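To start, the structure itself, in structure tokens.
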Number of protein chains: 2
Amino acid sequence: MGTEDKKTSSLCRLTVIFFIGFVIGWCARPTINHGDASKSFLHDFLDEMQAENIKHHLRKFTRLPHLAGSQQNLDLAKQIRDEWMEFGLDSVELVPYDVLLSYPNKTNPNYISIVDHLGTEIFNTSLAEPVPEGYEDVTDIVPPYSAFSAKGQPEDELVYVNYGRTEDFFKLERELGINCSGKIVIARYGKIFRGNKVKNAMLAGAKGIVLFSDPADYCADGVEPYPDGWNLPGGGAQRGNVLNLNGAGDPLTPGYPAKEYTYRSSLEDAVGLPKIPVHPIGYHDAVHLLQHMGGPHPPDNWKGALNISYRIGPGFTDGLNQNKVRMNIHTNNQVTRIYNVIGWIRGAVEPDRYVILGGHRDAWVFGGIDPVSGAAVVHESVRAAGKLMKKGWRPRRTLIFASWDAEEFGLLGSTEWAEDHARVLQERAVAYINADSAIEGMYTLRVDCTPSLHTLVYDITKKVSSPEEGEEGMTLYQSWHKRDNSTERDAPWISKLGSGSDFEAYFIRLGIASGRARYTKNRKTERYSSYPVYHSVYETYEIVERFYDPSFRRLEAVARVRGGLIFSLADSPVLPLDCVEYAMSLTKYANSIYQLALKHPAAMQQHSVSFDSLFFAVENFTVVARDFHQRLDQLDTSNALAVRMVNDQLMYLERAFTDPLGLPGRPFYRHIIFAPSSHNKYAGESFPGIYDALFDIENAVDWQKAWDEVKRQISIAAFTVNAAAETLKPVVS
Amino acid sequence: MGTEDKKTSSLCRLTVIFFIGFVIGWCARPTINHGDASKSFLHDFLDEMQAENIKHHLRKFTRLPHLAGSQQNLDLAKQIRDEWMEFGLDSVELVPYDVLLSYPNKTNPNYISIVDHLGTEIFNTSLAEPVPEGYEDVTDIVPPYSAFSAKGQPEDELVYVNYGRTEDFFKLERELGINCSGKIVIARYGKIFRGNKVKNAMLAGAKGIVLFSDPADYCADGVEPYPDGWNLPGGGAQRGNVLNLNGAGDPLTPGYPAKEYTYRSSLEDAVGLPKIPVHPIGYHDAVHLLQHMGGPHPPDNWKGALNISYRIGPGFTDGLNQNKVRMNIHTNNQVTRIYNVIGWIRGAVEPDRYVILGGHRDAWVFGGIDPVSGAAVVHESVRAAGKLMKKGWRPRRTLIFASWDAEEFGLLGSTEWAEDHARVLQERAVAYINADSAIEGMYTLRVDCTPSLHTLVYDITKKVSSPEEGEEGMTLYQSWHKRDNSTERDAPWISKLGSGSDFEAYFIRLGIASGRARYTKNRKTERYSSYPVYHSVYETYEIVERFYDPSFRRLEAVARVRGGLIFSLADSPVLPLDCVEYAMSLTKYANSIYQLALKHPAAMQQHSVSFDSLFFAVENFTVVARDFHQRLDQLDTSNALAVRMVNDQLMYLERAFTDPLGLPGRPFYRHIIFAPSSHNKYAGESFPGIYDALFDIENAVDWQKAWDEVKRQISIAAFTVNAAAETLKPVVS
């Protein structure tokens, strides 16, 4: 080797050594980004959730009734707390609140009578549902009642009001000339939230309202009543609260958590309590009230499956023309302690970012479907997460699991906890996934969520197998897509969030991106309301095991969707939220509300009503959202602060659609894009401020004022969309 | 050299090379923490701000009137924009809003008359102030008027109501038996915000109100009227708006920015407009109205410096007993375009964290003190920041500089911008430092700020020299401490924030940590109100240059305090906010409101009113705040995400004290700990919800209801303090 060679070799060696030193130095330096390490765990997590376990959880949690406020439901809370700790959560706590609940008087039962002209009760509705086989020895089954009904024994003629919808009362009063003032009304269940029926009855001046399940709405064709099938038996009836809370939570502590020290308003000042007696009955009892009604028969589309005329009472009935109807309601409101179970897994990288999976635990009776099919799924998700933690996984962000109490009494447990922790949730919550009933039909998946979650929902369902027999090898996405394609594009149908479950405070009040998923019926062909045995004693373990999901693979699929959502939201370095999807939805909603307004072309012109500002705002949002995602593609994901900044923008987008001033008359509904419909709490309305301003505007007392309100609401909507767009722009002007 | 030696030497060499490689590799790896590098720049920044420059800015910006909505004020906005760009800001923009302003009718002047029994005006107040020397040729000096006064020409007897405070009207009505209903009232300026006087007059049923400057309130002892001294001349009068906005901003667009597309309410539905004529006069004119009043003389402490009886009018006056007073008010409300100037310096490390220095630009006339003494200081801060940027400095966080418009018309420019950007500000704003008038006296520093800024204020003032002659070598802190020690501890006195300047929307509505600093009079010995020439034409450059601050070293000191605050807030890696100071203040406020309630021991007992929950909450907050700062001492400041997390906790603490439901009847006052007093907008009230519930409670119509409201407010306050404490706890339960 010559000297030159030696020198070269030596130089090479030094270079190599330097390089090794450089690389080791580079790598030894600690960095921030721990997020990617756990990506591969998603697959493990989904696989870990198994049908057999869910079946086991469902069986275990449905043996006894567990009504909110009962000892059984506290016992169940403790059991869940203990099991979640065993599964491996970092911490689990019971969080109590003292809220207003409502129970029947045990010694003075509620019922409805037909009374003759002497005041004698010649027919009484049943005091309880026939108990299903195997549950005969169970005590503490609460009979069907309308929680928070006013007490009272009003007696008068009975007027049939169809579903008790706003349009039904309009038809009665405006077209049919039938006045409900001072009467007792009877409405069939279905179509809208029962609380709205009661509110409408009160607005119409009724002094009581009877709610019944008509077979047309609670029996599927060709299906036997339970236990031979999954239809509602004639002796079954639908329990449920009849509040109009509009998101207030505990009626005595609106806006604030119902702690021991919290000031409670008087019952007179309470939010949302009905001022009239309300009571639910089954169709066997309903027949007795309805078959003797007089007056003209209602329009065909009001008739249901029973023989219905408009009225019962003196002068209207055929056979019993001196008879009246009497309600006997003795239900008591009482402040009662409830318990949420809250479990935590501390985030490894961003412990101050929260992803929440929450669903209720309290049930009217056994809760076979509502809520335990959902609670069993949450339980399995917690178990799976704990299993992964034992393998060394820890999510990037903090996971919170919640077992809410008193959902059935007005979403109370979830709302009180949201009120209690509103500040940290607004600062830190990335998303809320709801876990109420996981199944209400046997057809396909149903998802309601905020638009920014659309893409993630599609992605996750592509990673889950179809639970349907004969679809081996097909993904849930494919199965769902095949059964329920969107009318707007070639993808499965996803709907807006309405209300009626525990996401309400998180989404509508706090502006936290939210979603829910469950297995459902065929919404195009199966026209019955909800699922037939809804809120009856027949919601047992067996109805799921025998009819809805014998293999428990449907519930497993739902578990994987809900679990996959929270996993991705908690663990992806960049939040899997899609602002362009939000833009597309806004465009759709703007067009839709504009079309509604266009039904009044003359008034639009006369009052100079323009939607231009809203369309400009939506266009602005669309451009900004696209730009945001383009910048996101260029993001240096190794820069921890840069990632945090875009994640903050993504997280706070949903918050940006809220307005602390709330919607008119509904201060706790603060989301300007979505709210529960003012006419049906279950349904979601887009641009609700504009919608409500336009509603029935042709009958407004003061047209000028009414159209001014439309213009004001358009202005608020346009501003809110622009303001939300601003949050996605580069953070410095 | 032997072989071993050679080997050793070679090994050494390799080791050295490896080490060099390692070090270069270590250092080459990019890291996140850029914060410390610029620490040394604070000293440079403070030094860069110089008296001579401030003098120059003040001179330049006070040559012409620049009333909000005028061409001159737009010209000034453009000039400031251009100069800020030249100074080196990253971007500067003019941001327009179209808000309701109010101007006198140019062809139909406002004045007050004494009219005889024939209706002849036998005395008229002057239409303008005598213009100071040197300004005789200036056009567009708006005459003294009460902005947003109703139009009208009410004529009646005149009743003197002292300062027009709530307690003054109580005394008149309850003790003296004097009814103001249907009368014109005359109140002296001072003690409280003029809008509150007008509101009180309306509540008392008055049909007009005259406001005058009494020498007792607007002249200092032994001082000559301007131009020979700095007292108010007899022909001077105080302009000012007489709104009761309660933080709403533009009266036509409450809650939303007044953009072109924004819906505007009708004038009838506008927020805060007085329904009666209002007009201000000087003491030369006031003497004419007052000297002929009849009725008994008022109590000694009502007399002021003029000869005052209670009334003027038929039956009450001595010499002119058929005379009445007539107001002639023709002021017009009109929607007018205003312009904020907003300048940005992008943060190097956390561009999505904002520190704001804002003050108004619009002036009633020349604005020598209000606001240009403050605007000149902002201008100098911008210049100094630009200078540092040219030396390579860039703050860790984003700095925003604002020159607000239409502050004098109800804080409109600042409030509209806050409404426009509420979402990004709530997400991103660390602090807001206000920059209104920088001087109102010649004695020492005055600071009003949120408790978490106390420590930083003390720290900064220790880095600034005393501007006082004979105090060379003394710090501003020492000079201030010597002159105005706190009654509670051995440190200079710092007060709560009230309102009356542009921080209002940022602090009270949005919950952004805020503060203000200015040079002031001796609050213990100098009893005149504000400063004598306040809002008169005599607020010139010369009054500052000749009397208030001939060396401009006081303004320089104020510039360094304001500048030092924003510098530290923008550049410190860990935010310099002190939660323990907040805890101490909360303790003080809780004790204070409890003492107030204790004035009603019997009622407290009868209605079971307890402050325990509030005291427990404050104790809880105190423990949590101490723990937080202990953890902060252990913080690994090299961990960018860990630093960000605690900074988020610090930043959001102030936000946590706000409640979207707002205070009763004041939806835009959302801070539960601080609000402008309901009886004097200028003053800050702590626990305002409880305070207002207790106010005059002995005269409540329904005692039960009144004490229930006290209990409700205690509950809200206790919850809010607990909720704020929660934000400082470790982020995972």
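The values are calculated or read from the model by the stated rules, or taken from the named source; none is laboratory data. These figures come from a predicted structure and were not determined experimentally. Every residue, glycine among them, receives a Cβ derived from its backbone with ideal geometry; neighbour counts consider all protein chains shown.
Scanning segment B:103-118 for residues that are within 17 Å of B:Ile141 (Cβ to Cβ) and surrounded by fewer than 13 Cβ atoms within 10 Å (Cβ to Cβ) returns B:Lys106, B:Thr107. Can you find a residue in segment B:408-425 that is over 22 Å from B:Lys78 (Cβ atoms), assigned to a strand (DSSP E or B) and within 14 Å of another protein chain (Cβ to nearest Cβ)? Within segment B:408-425, none of the residues are over 22 Å from B:Lys78 (Cβ atoms), assigned to a strand (DSSP E or B) and within 14 Å of another protein chain (Cβ to nearest Cβ). Determine if segment B:585-597 includes at least one residue that is surrounded by fewer than 19 Cβ atoms within 10 Å (Cβ to Cβ), closer than 28 Å to B:Ile460 by Cα and either at pLDDT 95 or above or more than 13 Å from every other protein chain (Cβ to nearest Cβ) (or both). Yes: segment B:585-597 contains one or more residues that are surrounded by fewer than 19 Cβ atoms within 10 Å (Cβ to Cβ), closer than 28 Å to B:Ile460 by Cα and either at pLDDT 95 or above or more than 13 Å from every other protein chain (Cβ to nearest Cβ) (or both). Whenever a residue of segment A:481-497 is loosely packed, with under 14 Cβ neighbours inside 10 Å, its partners that are part of a strand (DSSP E or B), lying with C-beta atoms within less than 7 angstrom and at least six residues away or across chains, give the pairs A:Asn485/A:Pro492; A:Ser486/A:Pro492.
Just so you know, in segment A:92-118 the residues that are without any contact (Cβ under 8 Å) to a residue 12 or more places away in the chain and of a type outside the set (S, T, N, Q) include one that is nearest to A:Tyr256 (Cα to Cα), and it is A:Lys106.
Residue-wise test of (1) hydroxyl-bearing (Ser, Thr, Tyr); (2) over 22 Å from the mean Cα position of the chain (by Cα); (3) within 21 Å of B:Tyr682 (Cβ to Cβ).
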position	(1), (2), (3)
B:Ala206	no, yes, no
B:Val210	no, yes, yes
B:Cys219	no, yes, yes
B:Pro225	no, yes, no
B:Ala248	no, no, yes
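Can we say B:Ser514 is surrounded by 24 or more Cβ atoms within 10 Å (Cβ to Cβ) and assigned to a strand (DSSP E or B)? Against the criterion (surrounded by 24 or more Cβ atoms within 10 Å (Cβ to Cβ) and assigned to a strand (DSSP E or B)), B:Ser514 qualifies. On the stretch given as segment A:342-358, residues that are away from chain B (no Cβ under 14 Å) and out of contact with any strand residue (DSSP E or B) (no Cβ under 6 Å at 6 or more places or on another chain) total 0. The set of residues from segment B:480-503 being over 16 Å from B:Tyr682 (Cα atoms), of a type in the set (Phe, Trp, Tyr) and in a loop (DSSP other than H, G, I, E, B) comprises just one member, B:Trp493. Taking the residues in segment A:428-452 that are outside any strand (DSSP E or B) and under 26 Å from A:Glu526 (Cβ atoms) as candidates, determine which candidate is nearest to the other protein chains (Cβ to nearest Cβ). Among those residues, the one meeting the criterion is A:Ala435.
Checked against (1) farther than 20 Å from A:Asp692 by Cβ; (2) within 12 Å of chain B (Cβ to nearest Cβ); (3) surrounded by 14 or more Cβ atoms within 10 Å (Cβ to Cβ), A:Asp612 meets all criteria but (3). Taking the listed residues B:Gly234, B:Gly190, B:Gly182, the one that is small (Gly, Ala, Ser), part of a loop (DSSP other than H, G, I, E, B) and surrounded by fewer than 16 Cβ atoms within 10 Å (Cβ to Cβ) is B:Gly182, with no other qualifying. Of all residues in segment A:633-673, those satisfying the criterion of being within 27 Å of A:Leu243 (Cα to Cα), part of a loop (DSSP other than H, G, I, E, B) and either within 12 Å of chain B (Cβ to nearest Cβ) or touching a strand residue (DSSP E or B) at 6+ places or on another chain (Cβ under 7 Å) (or both) are A:Phe657, A:Asp659, A:Pro660, A:Leu661, A:Gly662, A:Pro667, A:Phe668, A:Tyr669, A:Arg670, A:Ile672, A:Ile673. Looking across segment B:700-724, the residues that are within 29 Å of A:Ala402 (Cβ to Cβ) and either facing another protein chain (nearest Cβ under 10 Å) or over 31 Å from the mean Cα position of the chain (by Cα) (or both) come down to B:Arg712, B:Ser715, B:Ile716, B:Ala718, B:Phe719, B:Thr720, B:Asn722, B:Ala723, B:Ala724. Annotation for segment A:715-727: no member residue is in contact (Cβ under 8 Å) with a residue 40 or more places away in the chain, among the hydroxyl-bearing types (Ser, Thr, Tyr) and in a loop (DSSP other than H, G, I, E, B).
Candidates are the residues of segment B:597-632 that are among the basic types (Lys, Arg) and either free of Cβ contacts under 8 Å to residues at least 60 places away in the same chain or outside any helix (DSSP H, G or I) (or both); the one that is farthest from A:Met645 (Cα to Cα) is B:Lys599.
Residues in segment A:525-555 that are of a type in the set (D, E, K, R) and part of a helix (DSSP H, G or I): A:Glu542, A:Glu545, A:Arg546, A:Arg553, A:Arg554. Examine segment B:68-91 for a residue that is under 26 Å from the mean Cα position of the chain (by Cα), over 19 Å from B:Pro371 (Cα atoms), more than 14 Å from every other protein chain (Cβ to nearest Cβ) and in contact (Cβ under 8 Å) with a residue 40 or more places away in the chain, and state whether such a residue exists. Within segment B:68-91, not a single residue is under 26 Å from the mean Cα position of the chain (by Cα), over 19 Å from B:Pro371 (Cα atoms), more than 14 Å from every other protein chain (Cβ to nearest Cβ) and in contact (Cβ under 8 Å) with a residue 40 or more places away in the chain. All of (1) surrounded by fewer than 24 Cβ atoms within 10 Å (Cβ to Cβ); (2) assigned to a helix (DSSP H, G or I) hold for B:Asn522 with one exception: (2).
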